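Written below as structure tokens is the structure these notes are about.
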């Protein structure tokens, strides 16, 4: 009886040890998240380690990521982070203009815009779907991509007295399934926004 108990405990210890090693290996294999400083060093944000860092296609883009395609999608997603000129309304109008609707209705009427406060900053979250007019560069030809979706954030970084507000833009677009599969990671990234210690 005494030996049976010892054997049982030994087996249990081996099993638990094996599970602990397996969990540690999984944690080690998991890609580390990307801690980024953005908006000229004023803010920091944490992007998913599952996304691949890419060299920005144009100088205005501060950070760019490629996002793997979800099952059933022929292409992956693209994430861009940048400062840009113009008002919030002008940039929203430009984004809506990049999409058309199969039924001919206005994209503006289908889009969802939510206003949040994150770490003291005003943030607008934009969710829009349709046929996307994809232009990868200023001189690249536009390609129409059906069943695309864009999640985006406009962060109001600050405003000096008598000056126009400074905004930062995060834009994530691609096939609908790919965007849906990464929507939680996108939301977590936006919620990680905070003032950078270096800012």
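Which residue, of 52, 114, is surrounded by fewer than 14 Cβ atoms within 10 Å (Cβ to Cβ) and either closer than 16 Å to residue 157 by Cβ or modelled with pLDDT of 95 or more (or both)?
114
Given the residues 84, 90, which is the only one that is closer than 15 Å to residue 152 by Cα, at pLDDT below 95 and in contact with a helix residue (DSSP H, G or I) (Cβ under 9 Å, 6 or more places away or on another chain)?
None of the others qualify; the one that does is 84.
Kindly indicate whether any position in region 63-80 is more than 20 Å from residue 179 (Cα to Cα) and in contact (Cβ under 8 Å) with a residue 24 or more places away in the chain.
Taking every residue of region 63-80 in turn, none turns out to be more than 20 Å from residue 179 (Cα to Cα) and in contact (Cβ under 8 Å) with a residue 24 or more places away in the chain.
Only one residue in 65, 96 is part of a helix (DSSP H, G or I), in the same structural domain as residue 153 (by TED's automatic domain parsing) and at pLDDT 95 or above, so which one is that?
On inspection, the qualifying residue turns out to be 96.
Let's see how each residue does on (1) part of a loop (DSSP other than H, G, I, E, B); (2) closer than 25 Å to residue 32 by Cα; (3) in contact with a strand residue (DSSP E or B) (Cβ under 6 Å, 6 or more places away or on another chain); (4) at pLDDT 95 or above:
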position: 123; (1), (2), (3), (4): no, no, yes, yes
position: 127; (1), (2), (3), (4): no, no, yes, yes
position: 132; (1), (2), (3), (4): no, no, yes, yes
position: 136; (1), (2), (3), (4): yes, no, no, no
position: 177; (1), (2), (3), (4): no, yes, no, yes
position: 189; (1), (2), (3), (4): no, yes, yes, yes
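What are the residues in region 27-48 that are in a loop (DSSP other than H, G, I, E, B) and surrounded by 13 or more Cβ atoms within 10 Å (Cβ to Cβ), if any?
33, 39, 40, 42, 48
The values are calculated or read from the model by the stated rules, or taken from the named source; none is laboratory data. Just so we're clear, the structure is a prediction, and the values are computed from it rather than from any experiment. Reconstructed Cβ throughout: ideal geometry from the backbone, glycine too, with neighbour counts over all protein chains shown.
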